[in-house]
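Got a structure for you, written out below as structure tokens; questions coming shortly.
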Amino acid sequence: MTGRTHQEVPHRGPAAHRVHRCRRGAVSRRADGRVASFKEEGIFGGMTELQFAEEVLERLQNRNPKFHGKAYLFMLSALHSVLAEMKEPGHISGEELAQGVRELALRQYGPMARTVLGHWGIHATEDLGEIVFAMVECGVLIKREEDRREDFLDLFDFEEAFDSNYPWGTRF
């Protein structure tokens, strides 16, 4: 679940035609083989990165108002964190991403991790799947044919993962 989607999704706004171009596979790569950022690729079409991000976040929240905008941003941060840990970039499973969310939440928010995630509308691993697939539908992420929302069902219990098994004294 990385990069841009290849499915046809209608878009509004000044960057729509360039995002659509990206969806059809015309993604630029840097010299090291990694996918170029929006800024490097120049797909903002007169929009600032902030305006582009705000437009995408607005679409995500309109489609699924259950989650705070920060939930989507945090999911992207967790995805980036998991990708950074990989020796070679590749596909990330729902379970790997859920574990990445847990590790990043504990690292950033410590014993308050479950409370912060809950404030954003994230109470279970199923919520992580809803966020990921909302981002797929909005063209923020891509998925493989075999990726399913069910990949995120009951991966771990939030109370146990964030409270009962909190790694007191351990640095992430």
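The values are calculated or read from the model by the stated rules, or taken from the named source; none is laboratory data. Only a predicted model underlies this, so the values are computations on that prediction, with no experimental measurement involved. All Cβ positions, even for glycine, are placed from backbone atoms using ideal geometry, and neighbour counts span all protein chains on display.
Inside the range 65-102, can you point out the residues that are surrounded by 18 or more Cβ atoms within 10 Å (Cβ to Cβ) and touching a residue at least 60 places away in the same chain (Cβ under 8 Å)?
Passing the criteria: PHE67, ALA71, TYR72, MET75, LEU79, ILE92, GLY94, LEU97, ARG102.
Could you pull out every one of the helices (runs of 4 or more DSSP H) wholly within the range 40-134 that has 1 or more residues that are basic (Lys, Arg) and modelled with pLDDT of 90 or more?
Because the criterion is at least 1 residues that are basic (Lys, Arg) and modelled with pLDDT of 90 or more, the helices (runs of 4 or more DSSP H) in the range 40-134 that meet it are 69-85, 94-109, 113-119.
Looking only at the range 124-134, filter to residues that are of a type outside the set (Asp, Glu) and surrounded by fewer than 22 Cβ atoms within 10 Å (Cβ to Cβ); which one of those is nearest to PRO65 (Cα to Cα)?
ALA134
Taking the range 116-172 as the region of interest, how many residues are in contact (Cβ under 8 Å) with a residue 40 or more places away in the chain and of a type in the set (Ser, Thr, Tyr)?
Adding up the residues that qualify gives 1.
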